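Comments concern the structure below.
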Amino acid sequence: MPFFEHILYSMSFHGGFHLKLDASGDIDVDPHHLVEDTGLVLGDAFKAAAEKGGALARFGHFIIPMDDSLAEVTVDASGRPFLVYKAEYPQQNAGSFDIFLLKEFLKALSDRAGLNLHAECRYGENSHHMAEALFKAMGRALGQAYRQANDGEVKSTKGTLSK
């Protein structure tokens, strides 16, 4: 799935984190499970990074323009998963990739990482540009949220992000 690989690479590049995935599945039948499972595994990786130690900045927000598109992503690495996803794509596919699978990926990522994730593509004329802008913004927002807090303090009035 070249387009999916492309936007995942864009997300990791713009987020400043290294991503190496080796995934396989029954994509000739339906790529849904592979896309969702990728979100689950990536969510596990973010959760593990958060639990590894040190205080996270916790919040991230970024807006990215890409040609005709504008996307905004806001995250809270609070440990409380919730997804708000708004995007109206003009084409169902970007290349051979079903663009509607992105919601499955984002939901799986949010649930497993414990992210409050708000992802919105405000507008655009090209589904490829819209999705790519969204994933670049997500990379930047995740990069902000998962960096170490400058003051070393847990960003919670409760003193912990654990449940």
Original post:
So what's the stretch 30-87 giving for Cα Rg divided by 2.2 N^0.38 Å, two decimals?
Top reply: 1.39
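Express the relative contact order of the chain as a whole percentage, based on alpha carbon pairs under 8 Å and six or more residues apart in sequence. Numbers along the way, then the final one.
Values: 346 pairs, mean separation 58.3, N = 163.
Relative contact order for the chain comes out at 36 percent.
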Subject >> Environment charge of K47, counting only residues whose C-beta is closer than 11 Å and scoring Lys/Arg +1, Asp/Glu -1 >> reply: -1
Original post:
In the set [x] 15.5, 50; [y] 17.4, 57; [z] 18.8, 58, which value of Rg and Dmax of the Cα atoms in Å was calculated from the structure you see?
Top reply: [x]
Original post:
Taking the Cα centre of the stretch 2-145 as the origin and placing charges on Cβ (Lys, Arg +1; Asp, Glu -1), which of L42, F97, I7 is farthest toward the positive end of the dipole?
Top reply: L42
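What ranking, highest mean first, results for peptides 102-108, 84-90, 134-140 when packing means the other Cβ atoms within 10 Å averaged over each residue? It would help to have the intermediate numbers written out before the result.
Values: 102-108: 20.9, 84-90: 14.0, 134-140: 26.3.
Result, highest mean Cβ count within 10 Å first: 134-140, 102-108, 84-90.
Given the DSSP H assignment, sum -39500 (n - 2.57) over each helix run of at least 4 residues in the chain and divide by its residue total; what's the result at 222 nm in deg cm²/dmol, nearest 500? Walk me through the intermediate numbers first.
Working: 4 runs with 66 residues, N = 163.
About -13500 deg cm²/dmol.
No value in this document is a laboratory result; all are computed from the given coordinates. Source: prediction; values computed, not measured. Ideal geometry is used to build each Cβ from the backbone, glycine not excepted, and the neighbour counts take in all protein chains shown.
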